[in-house]
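The values are calculated or read from the model by the stated rules, or taken from the named source; none is laboratory data. As the structure is a computational prediction, the values presented were derived from the model and not from experiment. All Cβ positions, glycine included, derive from the backbone under ideal geometry; neighbour counts span all protein chains shown.
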Amino acid sequence: MSSPHRLTAVDDLSLEAAAAEHAALVAEINHHRVLYYAKDAPALPDADYDRLEQRLGAIEARFPELMTADSPTQTVGVAPSSGFGKVRHAVSMLSLANAFEDVDVSDFVGRVRRFLNLSDETPVAFVAEPKIDGLSLSLRYEKGRLVQAATRGDGAEGEDVTANVRTIRDIPHELTGDAPDLVEVRGEVYMNRADFMELNRAQAEKGDKVFANPRNAAAGSLRQLDSSITAGRPLRFFAYAWGALSEPLGPTQWESRQRLGGFGFTLSQPSELCASAEELLEYYRKIGRSRAELPFDIDGVVYKVDSLALQERLGFISRSPRWATAHKYPAEQATTRLNNITIQVGRTGALTPVAELEPVNVGGVVVSRATLHNKDEIERKDVRVGDLVIVQRAGDVIPQIVGYVAEPDRERAEPYAFPECCPQCGSIAVREEGEVVTRCTGGLVCPAQAVERLRHFVSRNAFDIEGLGIERIQLFFEQGRVKQPADIFTLEKREEERIDRLVSMTGFGKKSVEKLFAAIEARRTIALDRFIFALGIRQIGEATAKLLTRAYRTAENWRDRMIAAAAERAEKREEKKPELVGEAYAELCGIEQIGVSVADDLTDFFREQHNLDAVAALLAQVKPKKYEPPAAAATSPMAGKTVVFTGTLVTMGRSEAKAKAEALGAKVAGSVSGKTDYVIVGADAGSKAAKAQELGVKILSEEEWAALIAG
Ligand code: IVH
């Protein structure tokens, strides 16, 4: 990537050489900005990108004549792409200067003090807060209501993402407390690491794009043209700044931050007030140590002069404020040798290639394994056994391989041959058309799948049986004591007279075995959504399990309807229109956010006899609770009704309207059928309104609906 002349110290460059390098750097930086900001697909580690910008800055510092108004040192981001409306920012959205070393921080404090001409005795306070690795957003509130949301874009003009932003739960549609008539709240949209991992797992499972890190996942999720996709993504928001205001929020950064908190925003935490470069560095180190424990990725911390009057005096230099700087942490990347590629078999039979590495320290954690995602990813990165590879901790929990490092004098191994059979059970591995995942076809005969399913079944968000962790379930499986979920609930009975034997065979204490049995007993009644989630059906995560629970209410009803839908689907495999497949199948697809792909995974599951047997055996042991709609719902005119929203609603976003209807006990469907009670029609309603008319379903305008739910 870096051409050799870049290794020349800037001080030794001739003007001619500097001009040539400058032009090359500008092109390279602009290219990477497009990949990063517009395509959400960076090709370079952030730290390498920072180095390009630093080098450009150093060249321009020595040869100011090379600097132009559109140099990357003077600009931020990229101009908005098509697809979204454009928004001109009332106050530009700028970037921050970077500090990397301790001396850069004392330089920053020194620069601030010198600029303000402060005597040694005059204190200056700074706010220090985490620098979240996401994408920045400006939210415009008029009279307390969210009216517009825009991305940063090139700082002057961003993309209008209002519809998508309304689906983010951390972002209030209405401010609480006494807010000025006009407030532009600025902050970062991001994704928690755990949510990112889960999203990637689901994406890989569906054969959809996996994201390189939480930042890309957040950016890719926000910049969707279909806001229902954004709604299904676990986005969050931190507020840390503001743009246009009709009146100031307070005299200091700290107090203004508190005001933002009072309006209902989450602030970037943990933050502190610091009085010197030493205190800032102490904060930097403290946050650095706890970095792995934060639920989200940070790439540094930010220091801001606390007094807004001083901020005003300090002003801006090109694209960043003089009163703030970002202090970055070193990249969590390292190079090491790839010793081998092995294959892991997941719960649903997905074969995942794993890089077995020469152990290496990556940002304080020793890494010896990393995911290679799937066959295409290995091919795309062209990594081969024996290569020197770059390892990155991005989602932190599972490290990734970024690529290999060329070693011209070393002969490389042959490209990796992806196995054609499951390495665990020998069954054929297939890759369905249009899918990226290769799967073992062994189903329950594959021990790897069976044990993974059991591990999923007892996991925290599923049955969560105290004392039955994944190690124990693995042991029980290997001993043949528990082969399928129902066996957990017959364990005590089968082992009754042999509790001592269980104690001696497993190495658990007697007390612990008794406690385990009590914990198992306690789970014989369980929430229906946990029950559904625990079955480990492809694509059925917690959110989808909740949707199914609300729609079908009891385990037996759900199962029976799924069996009916499966039978209908078996008859009409290729049919794309759910209503032509059959009534039970159409009902399933009619649930908002459930599409044909999810419906097919459900019906595939219910077509397999061994799955039906496993569910029946389980239902003989446990009683999932009947779903009861929230109490407020019972008396509401919406209770038990099926409603469909169509067109653009004016008074609230689609997700808010949906949530309101559901809270009142209604079922929100995605398409109009004979079972629909009401169709609520917003502006520009299309075929659904026409269909409702055709079927004689009651149509409500947005105002009529508002009146109905108001009482
Ligand atoms: S303040 C005028 N505070 O980092 C400067 N930015 O590299 C306003 N960022 O564009 C930015 N966490 O997208 C600020 N606590 C924080 C931040 C933060 C993340 C992002 C923001 C900014 C970029 C600069």
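List of remarks:
- Considering Val103, Val112, Val26, Val124, the condition of being loosely packed, with under 15 Cβ neighbours inside 10 Å and either more than 16 Å from the ligand (Cβ to nearest atom) or modelled with pLDDT of 85 or more (or both) is satisfied by Val103 alone.
- If only residues of the range 612-650 that are without any contact (Cβ under 8 Å) to a residue 24 or more places away in the chain and within 30 Å of Thr490 (Cα to Cα) are counted, the one that is surrounded by the most Cβ atoms within 10 Å (Cβ to Cβ) is Asp613.
- Extreme residue, farthest from Ala244 (Cα to Cα), among residues of the range 169-187 that are within 16 Å of the ligand (Cβ to nearest atom) and either free of Cβ contacts under 8 Å to residues at least 24 places away in the same chain or surrounded by 18 or more Cβ atoms within 10 Å (Cβ to Cβ) (or both): Ile171
- Here Phe211 clears all of (1) surrounded by fewer than 23 Cβ atoms within 10 Å (Cβ to Cβ); (2) outside any loop (DSSP other than H, G, I, E, B); (3) away from the ligand (no atom under 16 Å from the Cβ) except the condition numbered (2).
- Residue within the range 189-200 that is in a strand (DSSP E or B) and buried (at least 20 other Cβ atoms within 10 Å of the Cβ) present: yes
- Taking the listed residues Pro359, Pro399, the one that is loosely packed, with under 14 Cβ neighbours inside 10 Å and either under 24 Å from the mean Cα position of the chain (by Cα) or not hydrophobic (A, V, I, L, M, F, W, C) (or both) is Pro359, with no other qualifying.
- Residue count, the range 501-541 (criterion: of a type in the set (A, V, I, L, M) and either buried (at least 21 other Cβ atoms within 10 Å of the Cβ) or within 18 Å of Tyr552 (Cα to Cα) (or both)): 11
- Positions within the range 344-371 being modelled with pLDDT under 90 and either within 16 Å of the ligand (Cβ to nearest atom) or within 22 Å of Ile298 (Cα to Cα) (or both), in sequence order: Val360, Asn361, Val362, Gly363, Gly364, Val365, Val366, Val367, Thr371
- Elements of type strands (runs of 3 or more DSSP E) contained in the range 609-711, each with 3 or more residues being closer than 29 Å to Gly536 by Cα: 623-625, 667-669
- Residues of the range 431-445 satisfying the condition of being outside any loop (DSSP other than H, G, I, E, B) and either in contact with a strand residue (DSSP E or B) (Cβ under 9 Å, 6 or more places away or on another chain) or free of Cβ contacts under 8 Å to residues at least 12 places away in the same chain (or both): Arg439, Cys440
- Subset tally (residues that are touching a strand residue (DSSP E or B) at 6+ places or on another chain (Cβ under 7 Å) and not basic (Lys, Arg)) for the range 270-291: 8
One line per residue, one yes/no per condition, for (1) in a loop (DSSP other than H, G, I, E, B); (2) without any contact (Cβ under 8 Å) to a residue 12 or more places away in the chain; (3) at positive phi:
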residue: Ala543; (1), (2), (3): no, no, no
residue: Ala551; (1), (2), (3): no, no, no
residue: Met562; (1), (2), (3): no, no, no
residue: Ala566; (1), (2), (3): no, no, no
residue: Lys576; (1), (2), (3): yes, no, no
residue: Leu580; (1), (2), (3): no, yes, no
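- The numbered conditions (1) more than 16 Å from the ligand (Cβ to nearest atom); (2) under 21 Å from the mean Cα position of the chain (by Cα); (3) closer than 21 Å to Gly83 by Cα; (4) among the β-branched types (Val, Ile, Thr) are all true for Val147 except (2).
- Within the range 353-377, tally of residues that are in contact with a helix residue (DSSP H, G or I) (Cβ under 8 Å, 6 or more places away or on another chain) and not in a loop (DSSP other than H, G, I, E, B): 2
- Only one of the numbered conditions (1) at pLDDT 95 or above; (2) part of a strand (DSSP E or B) is violated by Gly158, and that is (1).
- Just one residue in the set Val451, Val402 is farther than 17 Å from Gly349 by Cβ and either in a loop (DSSP other than H, G, I, E, B) or touching a residue at least 24 places away in the same chain (Cβ under 8 Å) (or both); that residue is Val402.
- Residue in the range 222-234 that is surrounded by the fewest Cβ atoms within 10 Å (Cβ to Cβ), counting only those that are more than 16 Å from the ligand (Cβ to nearest atom) and assigned to a helix (DSSP H, G or I): Ile229
- Taking the range 235-343 as the region of interest, the helices (runs of 4 or more DSSP H) fully inside it that hold 3 or more residues being within 14 Å of the ligand (Cβ to nearest atom), more than 30 Å from Arg412 (Cβ to Cβ) and under 26 Å from the mean Cα position of the chain (by Cα) are 253-262.
- Any hit, the range 72-80, residues being surrounded by 17 or more Cβ atoms within 10 Å (Cβ to Cβ), modelled with pLDDT of 85 or more and either over 23 Å from the mean Cα position of the chain (by Cα) or over 28 Å from Ala277 (Cβ atoms) (or both): yes
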